[in-house]
Every structure is written in C-alpha cells, then in structure tokens.
1. Looking at region 61-83, which of its residues are of a type outside the set (A, V, I, L, M) and surrounded by 12 or more Cβ atoms within 10 Å (Cβ to Cβ)?
2. Just for strands (runs of 3 or more DSSP E) wholly inside region 1-49: which have at least 3 residues that are out of contact with any Gly (no Cβ under 9 Å at 6 or more places or on another chain), exposed (fewer than 14 other Cβ atoms within 10 Å of the Cβ) and modelled with pLDDT of 90 or more?
3. If you take the residues in region 67-83 that are among the hydroxyl-bearing types (S, T, Y) and within 30 Å of R46 (Cβ to Cβ), which one is modelled with the highest pLDDT?
4. For residues in region 84-119 being hydroxyl-bearing (S, T, Y) and open to solvent by less than 60 Å² (accessible area, probe 1.4 Å), which is modelled with the lowest pLDDT?
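The values are calculated or read from the model by the stated rules, or taken from the named source; none is laboratory data. All of these numbers come straight from a predicted model, not from anything done at the bench. Neighbour counts are summed over all protein chains in view; Cβ atoms, including those assigned to glycine, are modelled from backbone coordinates with ideal geometry. These area figures cover heavy atoms from the full protein model, side chains too; ligands, DNA and RNA do not enter into them. Shrake-Rupley method; radii C 1.70, N 1.55, O 1.52, S 1.80 Å.
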Amino acid sequence: MSATVDQKRRKYRNKTAIVDGVRFDSQKEAHRWGVLRLLQRNGLIRDLQRQVRIPLRGADGKPLRFVPSGRAAFYVCDFAYHDVPKGVDVIEDVKGVQTPEFKLKRAILASQGVEIILT
C-alpha cells in the first residue's frame, strides 16, 4: 500500500511516499516502482535496482572529483534494470523538473555511452 509522509514544503512540491516499506522522493517515483515491479514479476525486466551510483568520468576516463573536497562525483539513478525483450540494460530517472545539475550529469554520462531514460 502507498502512504504519503508528513513533511515540510519541498522545493519542487513533490510529496514523499512509502510503498512496501520503501521511501520514495515523490509519488510519481513510487508509482513507477510499482509498475517496474509488475514488469519484473511478468518477466519483461530483471535485476531491478533502486538508487544505483554511477561514477562520472572525464574525457581521459579518470573519475571526476568535486573541488575542493576531492570526493568522487557520482550520478544516482532512480532505477536500473535489464529490459529482457530488447536485451539492454536501462538507467531510468523519474523527473518532474530537469535541474541544471541533472542536465550536466546526463551530458557527462552520455559522453560515457550511458543513456538515461526519463519517465
């Protein structure tokens, strides 16, 4: 079952949701999780994962680092899975608003050959 979590007003007015004991940043993301779980039960996708960290790399292939902390830069996708009929791995993000940071990270990943599907 799904339940809305009480919270203060959020920047993009999304409302968190809990489905099967798992907290999601938005009701839209929680709904997509339910759809993906159904697809997995029916054998159309497999290896469904949430919040997968993908390292961001520069043109030289070395990991990008934040300045001045020196920490490695990552993109955290909402969902990752294997699409069985198409035979491809999918990185998916549920977005209501495409922020400048998201657009930058998406471009960096595209240069690495990683495509992000928006739902």
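1. Residues of region 61-83 that are of a type outside the set (A, V, I, L, M), as a first pass: 61-63, 65-66, 68-71, 74-75, 77-79, 81-83.
Across region 61-83, the qualifying residues are P63, R65, F74, Y75, C77, D78, F79, Y81, H82, D83.
2. Details: elements: 2-4, 17-19, 22-24.
Counting at least 3 such residues, we get no strands (runs of 3 or more DSSP E) at all.
3. To start, the set of residues in region 67-83 that are among the hydroxyl-bearing types (S, T, Y) comprises 69, 75, 81.
Filter once more, keeping what is within 30 Å of R46 (Cβ to Cβ): 75, 81.
Details: Y75: 93, Y81: 96.
Ranking the candidates gives Y81 first.
4. Quick first cut of region 84-119, residues hydroxyl-bearing (S, T, Y) only: 99, 111, 119.
Now narrow it down to the ones that are open to solvent by less than 60 Å² (accessible area, probe 1.4 Å): 99, 119.
Working: T99: 90, T119: 87.
If we take residues in region 84-119 being hydroxyl-bearing (S, T, Y) and open to solvent by less than 60 Å² (accessible area, probe 1.4 Å), then T119 is modelled with the lowest pLDDT.
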